[in-house]
């Protein structure tokens, strides 16, 4: 994909639209492939990331409504959270809405110029 004088990768559009760091984008890509809810510990093992790093990213994703969080109660007491990426089509629509808003802003700025 190209914009005026510079090629733009779709990863950049997604990262910018959703305000993601490179490592967070990689986690989103991983979550797209996961069909079942997964624990932070399992993500940490599969991606060779520190558990606390994954926790921080998931906390950001949850606050941005990118993932759904489920609580699983343990037999001996306590609970764990599992996470699943929200519907990919909803995420695509969210990105499209952000890009559309940016486009309208650019159009308005060019008109004022």
- How far is helix 22-33 tilted, in degrees, relative to the longest principal axis of the Cα atoms in the chain, given as a value from 0 to 90 rounded to the nearest 10? 70 degrees
- Please work out which option in [x] 95; [y] 104; [z] 123 gives volume of the Cα convex hull per residue in Å³ calculated from these coordinates, and answer with its label. [z]
- Query: Quick one: length gained pulling residue 69 to residue 106 fully straight, 0.36 nm per residue minus the C-alpha distance?
  - Reply: 9.7 nm
- Message: Once R0 is set to 22 Å, what does the formula 1/(1 + (r/R0)^6) return for the Cβ-Cβ distance between residue 22 and residue 42, expressed as a FRET efficiency to the nearest 0.05?
- Response: 0.55
- Task: Treating the angle as unsigned and between 0 and 90°, give the value, to the nearest 10°, between the Cα long axis of helix 51-63 and the longest Cα principal axis of the chain.
- Result: 60 degrees
- So, in Å, what gap is there between the alpha-carbon centers of the stretch 19-69 and the stretch 72-113? 14 Å
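No lab work stands behind these numbers, since they all come straight from the coordinates. Computed from a prediction, not measured in an experiment: that's the story for all the values here. With ideal geometry, Cβ positions are generated from the backbone for all residues, glycine too; neighbour counts draw on all protein chains shown.
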